[in-house]
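Below is one structure, written out as structure tokens; comments come after it.
Rule-based calculations on the coordinates, nothing more; no lab input. Since we're looking at a predicted model, the values are computed, not measured. Note that we place each Cβ from the backbone using ideal geometry, even for glycine, and neighbour counts take in every protein chain shown.
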């Protein structure tokens, strides 16, 4: 077993273990921290695949943004040491069975299927190539989704302020 | 213990996806349900990156889809948390069973 394989299995264990603990832990703050570890594991998986830019985006947006947002909302809405109530037994049982069997079925199909990689020369996933194609207006350029997503972010920003603002009622 | 390939990545993403589905089905707390959705979206991202790396290394489209999914997930999480905080103010609870104001 080579060092690369050992690193991969460590990363996989961190991702899966963090994910399982994040959905089963009964203390909500701990669940958020386990989610953080799982997301960091996914970022290291991107590093493992030599996609440094995506890994950096993953760390900045998920670990630096979304998890911090989740932790702050936990602070705003919970006494963070409190334990959540246990899930109903039959619901946990049937959800678990559904998840296990669906995983098994999907993995069966994945192992049966033969994937055919392309024969063309690889393009380096460097920041230069990503930026050039993302802002290109020619065919296979991604300028339109880029602009649409910027409008979406603006709408989300305004929407968050409108939803969460506290309206003071005058006496 | 073969060489690490596409199948290994798909194993991780499948397991993570159904862990997220399990969490979404069993949890009743809105914040933890949001966390389960983040896990599902992340497993989709792993799929896109792995297919781009192992099958279509001559293109960059998988990376763009991943970047856009990350952006939309961030927007979605921000809006969801704004809704959750607003709901907490009016109901003093973020349990999905208590949020039945729009029922019927």
Could you state the angle between the C-alpha long axis of helix B:30-54 and the longest principal axis of the C-alpha atoms of chain B, as a value from 0 to 90 degrees rounded to the nearest 10?
10 degrees
So what is the relative contact order of the range A:1-83, in percent, for Cα pairs below 8 Å that sit 6 or more residues apart?
31 percent
Would you work out if the protein assembly as shown is rounded, prolate or oblate? Take a ≥ b ≥ c from the square roots of the eigenvalues of the alpha-carbon gyration tensor; rounded if a/c is under 1.5, else prolate when a/b is larger than b/c, oblate otherwise.
oblate
Points 7 angstrom from Cα along the Cβ direction at residue A:127 and residue A:164: gap in nanometres?
2.9 nm
With a ≥ b ≥ c taken as the square roots of the eigenvalues of the C-alpha gyration tensor of the range A:45-108, please select rounded if a/c is under 1.5 and otherwise prolate if a/b is larger than b/c or oblate if it is not?
oblate
Tell me the relative contact order for the range A:35-79 as a rounded percent, counting alpha carbon contacts under 8 Å between residues six or more apart.
37 percent
In degrees from 0 to 90, rounded to the nearest 10, what is the angle of the helix B:6-26 Cα long axis to the longest principal axis of chain B?
10 degrees
By the Cα gyration tensor axes a ≥ b ≥ c (a/c under 1.5 gives rounded; else a/b larger than b/c gives prolate, otherwise oblate), the shape of the range A:11-156 is oblate
Nearest 10 degrees, 0 to 90: helix B:61-91 Cα axis against chain B principal axis
10 degrees
If the chain between residue A:150 and residue A:27 were fully extended at 0.36 nm per residue, the gain over the current Cα-Cα distance would be 40.7 nm
Rounded to one decimal in nm, the spacing of the 7 Å Cα→Cβ label points at residue B:86 and residue A:2 is 5.3 nm
If you average the sequence gap of Cα pairs under 8 Å that are 6 or more apart and divide by the length of the range B:6-91, what percent do you get for the contact order?
28 percent
